[in-house]
Amino acid sequence: AQSVAQPEDQVNVAEGNPLTVKCTYSVSGNPYLFWYVQYPNRGLQFLLKYITGDNLVKGSYGFEAEFNKSQTSFHLKKPSALVSDSALYFCAVRDNSRWSGNTGKLIFGQGTTLQVKP
Amino acid sequence: KAGVTQTPRYLIKTRGQQVTLSCSPISGHRSVSWYQQTPGQGLQFLFEYFSETQRNKGNFPGRFSGRQFSNSRSEMNVSTLELGDSALYLCASSLGDEKLFFGSGTQLSVL
């Protein structure tokens, strides 16, 4: 079964410090990996995705993620955190159990709350 | 370009009633997916529609159903509401790739 794990419920970091939000995955076949962010009372916003190619993926708002196949991880990173980055972050993987029709079906992790303090 | 619009924003129902939620995708997007978000279960996939056809369904009981119209607008229906159906229901649209655009959701409370 395909799954995503975010081992930390909450990550606290001081403004200006680097941040990492962890994600590990289990999929059959090639992984299609994503990060989304959710601000209070809002839907999710796409940050970045990995499908193939360079293991370091750059996304919106200065975020990047590193794909590591041997560790089955896809950690989200940012060199310098901002207070406005405080939000709920979700890692997700596309369901590859069928060929077509799965583009809208993502399997999400439980989410990690990022708290950036001034 | 307008984003994904979900109506209503909030809804309060009682057990046993039914409810219909609406989603208008971004113009040009033909794929619409629905997710349920709860504190305990997180985000769970309900179903996906593409060109009026349901092409994927999650593990929810038959009380949960949906449809998509020719203009790509989608509705989901929950019949015989249970307390556990209280959740934020999110709709997402896409061009057919993996980048989903989510609406702000409908917060359903079942009393």
query: Once you charge only the Cβ atoms, +1 for Lys and Arg and -1 for Asp and Glu, what is the size of the charge dipole of chain A about its Cα centre, to the nearest 20 debye?
result: 260 debye
query: So which chymotrypsin sites (Phe, Trp or Tyr not before Pro) in region B:58-111 are both in a DSSP loop and have at most 16 other Cβ atoms within 10 Å of their Cβ?
result: B:Phe69
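Tell me the net charge near A:Asn12. Cut-off is 15 Å between Cβ atoms, A:Asn12 excluded, with +1 for each Lys or Arg and -1 for each Asp or Glu.
Numbers: positive: A:Lys22, A:Lys78, A:Lys117; negative: A:Glu8, A:Asp9, A:Glu15, A:Asp85.
Within the 15 Å Cβ shell, the charges total -1.
Pairs of alpha-carbon atoms within less than 8 angstrom and 6+ residues apart define the contacts here; what relative contact order does chain B have, in percent?
Details: 284 pairs, mean separation 40.8, N = 111.
For chain B, the relative contact order is 37 percent.
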- prompt: Tally Lys and Arg at +1 and Asp and Glu at -1 over the other residues with C-beta under 13 Å from the C-beta of B:Ser22: what net charge comes out?
  reply: +2
- line: Taking only C-alpha positions in chain A, Rg and Dmax in angstrom work out to 13.9, 46
- request: Assign unit charges at the C-beta atoms only (+1 for Lys and Arg, -1 for Asp and Glu), then state the dipole size of chain B relative to its Cα centre in Debye, rounded to the nearest 20.
  value: 160 debye
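Per-residue mean of other chain beta-carbon atoms within 10 angstrom of the beta-carbon, peptide B:101-111? Mind dumping the intermediate values first?
On the way: counts 4, 7, 3, 5, 5, 0, 1, 0, 0, 0, 0.
Partner-chain Cβ atoms within 10 Å, mean over residues of B:101-111: 2.
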- request: Please grab the % of Cα pairs in the protein assembly as shown that end up more than 27 Å from each other.
  value: 33 percent
Dipole-positive endmost among A:Pro31, A:Asn41, A:Gly104 within chain A (Cβ charges, Cα centre): A:Gly104
query: Hey, which lysines would be in cross-link range of A:Lys105, C-alpha to C-alpha under 26 Å, not counting anything within fewer than 8 residues on its own chain?
result: A:Lys22, A:Lys49, A:Lys58, A:Lys69, A:Lys77, B:Lys1, B:Lys57, B:Lys99
message: No solvent, one uniform scatterer per C-alpha: report log10 I(q)/I(0) for chain B via the Debye equation at q = 0.11, 0.15, 0.17 1/Å, two decimals.
response: -0.30, -0.57, -0.73
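A short reminder: the numbers here are calculations on the coordinates, not readings from a lab. The structure presented is a predicted model; accordingly, all values stated were derived computationally and were not measured. Positions of Cβ are backbone-derived with ideal geometry, glycine not excepted, and every protein chain shown enters the neighbour counts.
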